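The values are calculated or read from the model by the stated rules, or taken from the named source; none is laboratory data. Treat the numbers as computed from the prediction; the structure is a model and nothing was measured. Cβ atoms come from the backbone with ideal geometry, glycine included; neighbour counts cover every protein chain shown. Quick note on the areas: whole protein, heavy atoms, side chains included, nothing else; ligands and nucleic acids left out. Shrake-Rupley method; radii C 1.70, N 1.55, O 1.52, S 1.80 Å.
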Amino acid sequence: MTTLDSTPPAVSNTRPTAPLSDDGQLFRLLVQGVTDYAIYMLDPDGIICNWNAGGRRIKGYEESEVIGQHFSRFYTEADRIAGLPAHALEVARLHGRYEKEGWRLRKDGSHFWACEVIDPIWQHDRLIGFAKITRDMTEQHEAELRLEEARRALAQAQKIEAVGKLTLGLSHDFNNLLSVIVNSLDLIVVHRQDAARTSALVEGALRAAERGSQLTRQLLAFARGQELAPEAHDLNALLLRSRELFLRSCGSTVCFEYELGQALPEVLIDGVQFEAAILNLLVNSRDAMPQGGRIVIVTEARRMAGPLPDAPLRNHVTVKVADTGAGMSEEALQRAVEPFFTTKDVGKGSGLGLSQVHGFAAQSGGFLQLESRPGVGTSVSICLPVAGE
Ligand SMILES: Nc1ncnc2c1ncn2[C@@H]1O[C@H](COP(=O)(O)OP(=O)(O)O)[C@@H](O)[C@H]1O
Ligand SMILES: [Mg+2]
């Protein structure tokens, strides 16, 4: 708002001071001079009372064509039918301002993207009209649309590249797994009489098949953006139910144990995705311990804050998979949860394991904690908020 200084300037001014009666005229000149904005007044019913040069430039009407007309003529037919013009005035009247962007019509019928502001004008508690300012934002709007389009195209290209990488890695993975299974079956036929040999071969083939089904699970999770079907679950019960599968995934050279906390509160999670996440962690631990070692799964209730700054303390249930394996370098630790990040040979890793675990934790409202020391071991904790709090 402008205020007029009542004391005259002390310095001598060569220009004569404009008499006060010319203020209205000066103001009119100012408004008329603005060409980037359509500035005009409406009466309380929306009839146009005056019009500036910006209005002519943006909307194409001469002053004589619009004075006395209703301002709804600038709206598209759909907006008029939807009652937008009356709604805009109502909002301005009730809330002191209406501000919105949208398509409007020029005289020649073409559209432009308008940023419009409507302010009510009151005189002694009586509404005497509205001031309306419209700016033509078509170029900016189109630039934004083009930018958005470019962003989408880039994301699409990245997706295609990712899918290409994924397909390559997976075909290697599946080929390897299938050859393990086929070779084992061949050898079983040859060594049918040798019970010990046969059972070792069967175990190898089973493990390969299990890895195959785990891979398809990862793929499904990735393709669906991991659609979760959350339900209240007791983590200990889920872990105990999948114990056999977990034990077999670790292999016989690894000592596998549970340390389950007592009376844990329930968490809201998708049970199938939880099993896939634990399986991913176990396979990582097993891969990090080719000479064998120890894997322990620990569950406990903990009051803790999330990873974001200023996150409040909340009750969580954590499930930690800790191993005594090779550990990770600083760089690997930083990048471990990135999709497709793997330090394993082609066919040995898809780089999707930890990203699935991360996605599962995040979509369940929780987060991951990774700790690793080269030569000592790694632990990954999934921290899940307690249900119903
Ligand atoms: N328990 C672990 N011990 C050592 N390194 C690990 C462990 N878990 C994950 N990593 C590292 O993180 C990388 C990414 O893991 P992941 O996303 O499961 O993909 P992948 O197992 O297919 O490589 C692995 O390649 C490995 O370098
Ligand atoms: Mg993995």
(request) Could you look through the range 219-234, keep only residues that are at pLDDT below 90 and among the charged types (D, E, K, R), and pick out the one that is surrounded by the fewest Cβ atoms within 10 Å (Cβ to Cβ)? (result) ARG224
(message) Being over 11 Å from THR134 (Cα atoms), of a type in the set (A, V, I, L, M, F, W, C) and in contact with a helix residue (DSSP H, G or I) (Cβ under 8 Å, 6 or more places away or on another chain): is that true of LEU105 here?
(response) yes
(request) Examine the range 299-319 for a residue that is within 15 Å of ligand 1 (Cβ to nearest atom), over 23 Å from the mean Cα position of the chain (by Cα) and farther than 27 Å from ASN175 by Cα, and state whether such a residue exists. (result) yes
(request) Can you confirm whether the range 332-340 contains a residue that is touching a residue at least 40 places away in the same chain (Cβ under 8 Å) and more than 9 Å from ligand 1 (Cβ to nearest atom)? (result) no
(request) For the range 190-199, enumerate the residues that are assigned to a helix (DSSP H, G or I) and either open to solvent by 90 Å² or more (accessible area, probe 1.4 Å) or in contact with a Leu (Cβ under 8 Å, 6 or more places away or on another chain) (or both). (result) VAL190, ARG197
(request) Could you list all residues from the range 257-270 that are in contact (Cβ under 8 Å) with a residue 60 or more places away in the chain and not in a loop (DSSP other than H, G, I, E, B)? (result) VAL267, LEU268, ILE269
(message) Condition first: surrounded by 14 or more Cβ atoms within 10 Å (Cβ to Cβ) and of a type in the set (S, T, N, Q). Can you find one or more residues in the range 74-91 that meet it?
(response) yes
(message) I'd like to know if the range 281-297 contains one or more residues that are of a type outside the set (Asp, Glu), at pLDDT below 95 and over 20 Å from GLY375 (Cα atoms).
(response) no
(message) Could you list, ordered by first residue, the pairs with Cβ atoms under 7 Å in which the first is in the range 349-362 and modelled with pLDDT of 85 or more and the second is more than 9 Å from ligand 2 (Cβ to nearest atom) and charged (D, E, K, R), at least 6 apart or interchain?
(response) SER355/GLU338
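Yes/no per residue for (1) basic (Lys, Arg); (2) in the same structural domain as LEU215 (by TED's automatic domain parsing):
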{"residue": "ARG93", "(1), (2)": "yes, no"}
{"residue": "ASP108", "(1), (2)": "no, no"}
{"residue": "GLU116", "(1), (2)": "no, no"}
{"residue": "ASP125", "(1), (2)": "no, no"}
{"residue": "ARG152", "(1), (2)": "yes, yes"}
